[in-house]
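A quick write-up on the structure given underneath.
The values are calculated or read from the model by the stated rules, or taken from the named source; none is laboratory data. Computed from a predicted model, the values in this text were never measured in an experiment. Glycine gets a Cβ as well: all are built from the backbone with ideal geometry, and neighbour counts include every protein chain shown. Ligands, DNA and RNA are excluded from the accessible area calculation, which covers all protein heavy atoms including side chains. Shrake-Rupley method; radii C 1.70, N 1.55, O 1.52, S 1.80 Å.
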Amino acid sequence: MNPQSIGVFDSGLGGLTAVRQLRRLMPSENIIYFGDTARVPYGNRSRDTLLQYARQDMRFLNTFDLKAVVIACGTVSTNCLEELRSENPVPVIGVVEPAVERAAALTKSGRVGLVATRASVTSGAYERVFHRLYPALEIFPLACPLFVPLVEEGRCRPGDIVIETVAEEYLSALRDAGVDTLVLGCTHYPLLSEVIGGVMGPDVALVDVGAEAARACQDLLAARDALADRREGSARFYTSDRAVNFQRLAALFLGEEGPVEQVDISRY
(Lines give C-alpha, C1' and ligand atoms only; values in the text may rest on other atoms or scores of the structure.)
Protein backbone atom coordinates (compact mmCIF):
# COMPACT_ATOMS: atom_id res chain seq x y z
CA MET A 1 0.00 0.00 0.00
CA ASN A 2 1.17 3.52 -0.79
CA PRO A 3 -0.03 6.70 0.98
CA GLN A 4 1.46 9.10 -1.58
CA SER A 5 -0.86 11.39 -3.57
CA ILE A 6 -2.09 11.32 -7.17
CA GLY A 7 -1.35 14.49 -9.13
CA VAL A 8 -3.74 15.75 -11.79
CA PHE A 9 -3.42 18.75 -14.08
CA ASP A 10 -5.40 20.39 -16.86
CA SER A 11 -5.44 23.67 -18.74
CA GLY A 12 -8.42 24.77 -16.66
CA LEU A 13 -11.38 23.29 -14.88
CA GLY A 14 -12.18 20.40 -17.21
CA GLY A 15 -9.81 18.04 -15.43
CA LEU A 16 -12.10 18.16 -12.42
CA THR A 17 -14.32 15.71 -14.30
CA ALA A 18 -11.39 13.27 -14.09
CA VAL A 19 -10.92 14.09 -10.40
CA ARG A 20 -14.58 13.27 -9.81
CA GLN A 21 -14.04 9.83 -11.36
CA LEU A 22 -10.80 9.25 -9.45
CA ARG A 23 -12.57 9.99 -6.17
CA ARG A 24 -15.45 7.71 -7.11
CA LEU A 25 -13.14 4.81 -8.01
CA MET A 26 -10.53 5.35 -5.30
CA PRO A 27 -12.08 7.25 -2.38
CA SER A 28 -9.06 6.48 -0.16
CA GLU A 29 -6.62 8.41 -2.34
CA ASN A 30 -5.28 11.92 -1.75
CA ILE A 31 -5.41 14.05 -4.91
CA ILE A 32 -3.49 17.22 -5.81
CA TYR A 33 -5.12 19.14 -8.68
CA PHE A 34 -3.67 22.04 -10.66
CA GLY A 35 -5.79 23.94 -13.16
CA ASP A 36 -3.87 26.40 -15.35
CA THR A 37 -6.83 28.76 -15.58
CA ALA A 38 -4.68 31.80 -16.32
CA ARG A 39 -3.62 30.27 -19.65
CA VAL A 40 -6.74 28.33 -20.69
CA PRO A 41 -7.44 27.22 -23.37
CA TYR A 42 -4.43 25.17 -24.44
CA GLY A 43 -6.16 23.92 -27.57
CA ASN A 44 -5.01 26.65 -29.94
CA ARG A 45 -1.37 26.84 -28.72
CA SER A 46 1.71 25.73 -30.65
CA ARG A 47 3.36 22.47 -29.62
CA ASP A 48 6.40 24.32 -28.24
CA THR A 49 4.17 26.47 -26.04
CA LEU A 50 2.20 23.43 -24.91
CA LEU A 51 5.39 21.64 -23.89
CA GLN A 52 6.58 24.71 -21.97
CA TYR A 53 3.27 24.95 -20.09
CA ALA A 54 3.07 21.22 -19.42
CA ARG A 55 6.61 21.12 -18.01
CA GLN A 56 5.77 23.98 -15.66
CA ASP A 57 2.59 22.20 -14.56
CA MET A 58 4.56 19.03 -13.88
CA ARG A 59 7.29 20.88 -11.98
CA PHE A 60 4.65 22.36 -9.70
CA LEU A 61 3.01 18.97 -9.07
CA ASN A 62 6.40 17.42 -8.37
CA THR A 63 6.78 19.67 -5.33
CA PHE A 64 4.35 17.21 -3.70
CA ASP A 65 4.98 13.58 -2.78
CA LEU A 66 3.32 11.79 -5.70
CA LYS A 67 2.99 8.21 -6.90
CA ALA A 68 1.36 8.98 -10.28
CA VAL A 69 0.22 11.90 -12.43
CA VAL A 70 -2.88 11.97 -14.61
CA ILE A 71 -2.72 14.42 -17.48
CA ALA A 72 -6.40 15.36 -17.55
CA CYS A 73 -5.87 17.43 -20.68
CA GLY A 74 -6.43 15.96 -24.10
CA THR A 75 -4.28 18.59 -25.78
CA VAL A 76 -1.22 17.88 -23.59
CA SER A 77 -1.82 14.11 -23.77
CA THR A 78 -1.80 14.21 -27.56
CA ASN A 79 1.17 16.54 -27.94
CA CYS A 80 3.53 16.10 -24.97
CA LEU A 81 2.98 12.72 -23.31
CA GLU A 82 6.20 11.00 -24.34
CA GLU A 83 8.41 13.89 -23.21
CA LEU A 84 6.63 14.13 -19.86
CA ARG A 85 6.96 10.39 -19.29
CA SER A 86 10.67 10.41 -20.08
CA GLU A 87 11.39 13.45 -17.90
CA ASN A 88 9.53 12.45 -14.73
CA PRO A 89 10.21 9.68 -12.20
CA VAL A 90 6.55 8.84 -11.50
CA PRO A 91 4.13 7.12 -13.91
CA VAL A 92 2.35 9.63 -16.16
CA ILE A 93 -1.07 8.63 -17.50
CA GLY A 94 -2.64 10.31 -20.52
CA VAL A 95 -6.18 10.18 -21.80
CA VAL A 96 -5.64 8.78 -25.30
CA GLU A 97 -5.04 5.04 -25.07
CA PRO A 98 -7.64 4.35 -22.36
CA ALA A 99 -10.29 6.19 -24.42
CA VAL A 100 -9.32 4.38 -27.62
CA GLU A 101 -9.65 1.01 -25.88
CA ARG A 102 -13.12 1.92 -24.59
CA ALA A 103 -14.33 3.23 -27.95
CA ALA A 104 -13.15 0.09 -29.73
CA ALA A 105 -15.04 -2.03 -27.21
CA LEU A 106 -18.26 -0.06 -27.69
CA THR A 107 -18.50 0.42 -31.45
CA LYS A 108 -20.58 -2.01 -33.45
CA SER A 109 -20.39 -0.31 -36.84
CA GLY A 110 -16.65 0.38 -36.74
CA ARG A 111 -17.32 4.09 -37.34
CA VAL A 112 -15.97 6.16 -34.44
CA GLY A 113 -16.15 9.94 -34.11
CA LEU A 114 -13.67 12.07 -32.18
CA VAL A 115 -14.28 15.61 -30.94
CA ALA A 116 -11.33 17.46 -29.42
CA THR A 117 -9.43 20.73 -29.41
CA ARG A 118 -7.77 21.92 -32.60
CA ALA A 119 -4.30 21.04 -31.28
CA SER A 120 -5.37 17.49 -30.39
CA VAL A 121 -6.96 16.89 -33.79
CA THR A 122 -4.00 18.42 -35.63
CA SER A 123 -1.58 16.20 -33.70
CA GLY A 124 -3.21 13.06 -35.12
CA ALA A 125 -2.45 11.24 -31.85
CA TYR A 126 -5.85 9.60 -31.46
CA GLU A 127 -5.86 8.41 -35.06
CA ARG A 128 -2.36 6.95 -34.71
CA VAL A 129 -3.38 4.94 -31.65
CA PHE A 130 -6.59 3.77 -33.31
CA HIS A 131 -4.72 2.75 -36.46
CA ARG A 132 -2.02 0.96 -34.46
CA LEU A 133 -4.39 -0.98 -32.19
CA TYR A 134 -7.57 -1.21 -34.27
CA PRO A 135 -6.72 -0.61 -37.95
CA ALA A 136 -10.12 -1.82 -39.15
CA LEU A 137 -11.97 1.05 -37.45
CA GLU A 138 -12.90 4.17 -39.41
CA ILE A 139 -12.16 7.37 -37.44
CA PHE A 140 -13.85 10.74 -37.99
CA PRO A 141 -11.93 13.52 -36.14
CA LEU A 142 -13.46 16.95 -35.61
CA ALA A 143 -12.01 20.06 -33.92
CA CYS A 144 -14.47 21.94 -31.69
CA PRO A 145 -12.50 24.98 -30.51
CA LEU A 146 -15.43 26.85 -28.97
CA PHE A 147 -16.45 24.08 -26.58
CA VAL A 148 -13.76 24.74 -23.93
CA PRO A 149 -14.28 28.50 -23.51
CA LEU A 150 -18.05 28.02 -23.42
CA VAL A 151 -17.79 25.33 -20.75
CA GLU A 152 -15.39 27.51 -18.74
CA GLU A 153 -18.08 30.21 -18.84
CA GLY A 154 -20.68 27.74 -17.58
CA ARG A 155 -22.53 27.67 -20.93
CA CYS A 156 -22.97 23.90 -21.00
CA ARG A 157 -26.53 23.05 -20.03
CA PRO A 158 -29.38 21.87 -22.26
CA GLY A 159 -31.62 24.79 -23.12
CA ASP A 160 -28.72 27.23 -23.49
CA ILE A 161 -29.22 28.45 -27.04
CA VAL A 162 -25.56 29.38 -27.49
CA ILE A 163 -24.04 25.98 -26.74
CA GLU A 164 -26.87 24.13 -28.46
CA THR A 165 -26.35 26.17 -31.64
CA VAL A 166 -22.59 25.63 -31.58
CA ALA A 167 -22.98 21.89 -30.91
CA GLU A 168 -25.42 21.45 -33.79
CA GLU A 169 -23.11 23.35 -36.12
CA TYR A 170 -20.10 21.24 -35.15
CA LEU A 171 -21.64 17.81 -34.75
CA SER A 172 -24.12 17.56 -37.62
CA ALA A 173 -21.37 16.24 -39.94
CA LEU A 174 -20.51 13.42 -37.52
CA ARG A 175 -24.18 12.56 -37.09
CA ASP A 176 -24.59 12.44 -40.86
CA ALA A 177 -21.47 10.24 -41.14
CA GLY A 178 -23.27 7.58 -39.09
CA VAL A 179 -20.79 7.15 -36.25
CA ASP A 180 -22.13 4.98 -33.43
CA THR A 181 -19.46 5.93 -30.86
CA LEU A 182 -18.08 9.38 -30.09
CA VAL A 183 -14.89 10.02 -28.11
CA LEU A 184 -15.14 13.21 -26.06
CA GLY A 185 -11.44 13.94 -26.48
CA CYS A 186 -11.19 16.73 -23.91
CA THR A 187 -12.01 16.52 -20.21
CA HIS A 188 -14.19 19.63 -20.51
CA TYR A 189 -16.55 17.86 -22.88
CA PRO A 190 -18.31 15.50 -20.42
CA LEU A 191 -20.02 18.62 -19.06
CA LEU A 192 -21.62 18.80 -22.50
CA SER A 193 -22.76 15.18 -22.55
CA GLU A 194 -26.45 16.03 -22.50
CA VAL A 195 -26.09 18.67 -25.19
CA ILE A 196 -23.87 16.45 -27.37
CA GLY A 197 -26.15 13.45 -26.80
CA GLY A 198 -29.12 15.54 -27.84
CA VAL A 199 -27.47 16.35 -31.15
CA MET A 200 -26.06 12.88 -31.84
CA GLY A 201 -29.08 10.86 -30.71
CA PRO A 202 -29.56 8.06 -28.18
CA ASP A 203 -27.89 5.36 -30.28
CA VAL A 204 -24.45 7.00 -30.17
CA ALA A 205 -22.25 5.95 -27.22
CA LEU A 206 -20.16 8.72 -25.65
CA VAL A 207 -16.67 7.98 -24.30
CA ASP A 208 -15.52 10.16 -21.40
CA VAL A 209 -11.72 10.37 -21.67
CA GLY A 210 -11.30 11.56 -18.08
CA ALA A 211 -13.23 8.60 -16.72
CA GLU A 212 -11.18 6.18 -18.80
CA ALA A 213 -7.92 7.76 -17.63
CA ALA A 214 -9.11 7.43 -14.03
CA ARG A 215 -9.75 3.71 -14.57
CA ALA A 216 -6.30 3.33 -16.13
CA CYS A 217 -4.77 5.02 -13.08
CA GLN A 218 -6.64 2.68 -10.76
CA ASP A 219 -5.48 -0.36 -12.75
CA LEU A 220 -1.85 0.81 -12.71
CA LEU A 221 -1.79 1.47 -8.97
CA ALA A 222 -3.53 -1.81 -8.21
CA ALA A 223 -1.01 -3.72 -10.34
CA ARG A 224 1.81 -2.08 -8.39
CA ASP A 225 0.13 -2.71 -5.02
CA ALA A 226 0.27 1.07 -4.60
CA LEU A 227 -3.32 1.89 -3.64
CA ALA A 228 -3.80 3.83 -0.41
CA ASP A 229 -5.12 2.15 2.71
CA ARG A 230 -6.94 4.89 4.56
CA ARG A 231 -10.59 5.47 5.39
CA GLU A 232 -11.03 8.57 3.26
CA GLY A 233 -8.72 10.56 1.04
CA SER A 234 -8.56 14.31 0.54
CA ALA A 235 -8.32 16.67 -2.41
CA ARG A 236 -6.33 19.89 -2.68
CA PHE A 237 -6.93 22.35 -5.50
CA TYR A 238 -4.57 24.91 -7.03
CA THR A 239 -5.10 27.39 -9.84
CA SER A 240 -2.94 29.89 -11.72
CA ASP A 241 -5.69 32.52 -11.79
CA ARG A 242 -7.96 33.98 -9.13
CA ALA A 243 -9.14 31.29 -6.73
CA VAL A 244 -12.62 32.83 -6.51
CA ASN A 245 -13.12 32.22 -10.24
CA PHE A 246 -12.15 28.59 -9.78
CA GLN A 247 -14.51 28.12 -6.85
CA ARG A 248 -17.38 29.65 -8.79
CA LEU A 249 -17.37 26.84 -11.34
CA ALA A 250 -15.77 23.98 -9.37
CA ALA A 251 -19.13 22.79 -8.08
CA LEU A 252 -20.34 22.43 -11.67
CA PHE A 253 -17.40 20.19 -12.63
CA LEU A 254 -16.80 18.34 -9.38
CA GLY A 255 -20.17 18.38 -7.65
CA GLU A 256 -18.66 19.92 -4.52
CA GLU A 257 -16.65 22.89 -3.35
CA GLY A 258 -13.35 23.04 -1.49
CA PRO A 259 -10.51 25.42 -0.62
CA VAL A 260 -8.48 26.65 -3.58
CA GLU A 261 -5.01 28.23 -3.56
CA GLN A 262 -3.62 30.45 -6.31
CA VAL A 263 -0.15 29.60 -7.64
CA ASP A 264 2.32 31.71 -9.63
CA ILE A 265 3.04 29.06 -12.24
CA SER A 266 5.73 31.24 -13.87
CA ARG A 267 7.99 30.33 -10.93
CA TYR A 268 8.17 26.70 -12.07
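Considering only 190, 237, 131, the residue lying farthest towards the positive end of the dipole of the chain is 237, judged by Cα position with unit charges set on Cβ.
Solvent-accessible area assigned to carbon and sulfur over the range 1-117 amounts to 46 percent, based on a 1.4 Å probe.
Of the residues 268, 249, 163, the one whose Cα sits farthest toward the positive end of the charge dipole of the chain, with +1 on the Cβ of Lys and Arg and -1 on the Cβ of Asp and Glu, is 268. Projecting the Cα atoms of 86, 143, 109 onto the dipole axis of the range 83-159, where Lys and Arg carry +1 and Asp and Glu carry -1 at the beta carbon, places 109 farthest toward the positive end. Calculated [222 nm] ellipticity per residue, helices only, for the chain: -14000 deg cm²/dmol; basis is -39500 (n - 2.57) per DSSP H run with n ≥ 4, divided by all residues, nearest 500. Judged by the gyration tensor of its Cα atoms, with axes a ≥ b ≥ c, the range 1-160 is rounded; a/c sits under the 1.5 cut. Listed values for the range 181-197 are Karplus-derived 3J(HN,Hα) couplings in whole Hz (6.51 cos²θ - 1.76 cosθ + 1.60, θ = phi - 60°), namely 9, 10, 7, 7, x, 8, 6, 6, 5, x, 5, 9, 4, 5, 5, 5, x, and x replaces Gly and Pro. Note: relative contact order over the chain, using C-alpha pairs below 8 Å and six or more positions apart, is 29 percent. Phi angles of the range 115-132 translate, via the Karplus equation with coefficients 6.51, -1.76, 1.60 and θ = phi - 60°, into HN-Hα couplings of 10, 7, 6, 4, 5, 5, 5, 4, 5, x, 5, 4, 4, 4, 5, 4, 5, 6 Hz per residue; Gly and Pro are given as x.
What is the dipole size for the range 71-129, taken about its Cα centre, with +1 at each Lys and Arg Cβ and -1 at each Asp and Glu Cβ, in debye to the nearest 20?
Values: 6 positive and 6 negative charges, 71 e Å.
That gives a dipole near 340 debye.
Near the amide H of residue 114, within less than 5 Å, lie the amide hydrogens of 140, 142, 183, all on another chain or at least 5 residues away, with H placed in the peptide plane. Simple point charges give the picture: +1 on the Cβ of Lys and Arg, -1 on the Cβ of Asp and Glu, and for the range 171-218 a dipole about the Cα centre of about 120 debye. Using C-alpha pairs under 8 Å with a sequence gap of at least 6, the mean separation divided by the residue count of the range 148-216 gives a relative contact order of 36 percent.
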